[in-house]
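First comes the structure, then the notes that go with it.
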Amino acid sequence: MTREQRLHREADPRVSRSLGLAAVCAVCLVVVALVVVAGRVQQVRLAYQLDSLRAERTRVETLIGQFEVQMATLRSPRRLEAQARQIGLTVPAPQQVMNAREFVAGSGGLAAAQAARIEAQVR
């Protein structure tokens, strides 16, 4: 053997197939792990958003309660009477009050004429 001989080793197809399968499994595990982490991140983000919306709802409910109290105060008959007196309004005398029978349905006047017109159109 005067010539230098090199050993040549042939690749075993089973080894390359095993390495390929291991690489595919590793990629699948990484993808699954990333999906799980992304789901958890989304869950945490939604939890923070839910807490924020609950706080906003509580704030709005408090404001609504305050506005309801303010509306009741502003509509109070005592308050309205006091403001009317401040601008010079008084309770009308009995001779100042007149019933507007023409606007009451069924008693005559404009309301009765209008009812008669509607009844004539129906027939």
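The values are calculated or read from the model by the stated rules, or taken from the named source; none is laboratory data. Everything numeric in this text was worked out from a predicted model, so none of it was measured. Cβ: placed from backbone, ideal geometry, glycine included. Neighbour counts: every protein chain shown. Quick note on the areas: whole protein, heavy atoms, side chains included, nothing else; ligands and nucleic acids left out. Shrake-Rupley method; radii C 1.70, N 1.55, O 1.52, S 1.80 Å.
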**Study point:** Boolean, residue 32 is among the β-branched types (Val, Ile, Thr), modelled with pLDDT of 95 or more and out of contact with any Phe, Trp or Tyr (no Cβ under 6 Å at 6 or more places or on another chain)
**Key:** yes
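Residues checked against (1) open to solvent by 100 Å² or more (accessible area, probe 1.4 Å); (2) assigned to a loop (DSSP other than H, G, I, E, B); (3) small (Gly, Ala, Ser):
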{"residue": "11", "(1), (2), (3)": "no, yes, yes"}
{"residue": "32", "(1), (2), (3)": "no, no, no"}
{"residue": "47", "(1), (2), (3)": "no, no, yes"}
{"residue": "64", "(1), (2), (3)": "no, no, no"}
{"residue": "68", "(1), (2), (3)": "yes, no, no"}
Check your understanding: Tally time: how many residues in the range 34-52 are within 18 Å of the chain's Cα centre (by Cα) and of a type in the set (A, V, I, L, M)?
Key -> 3
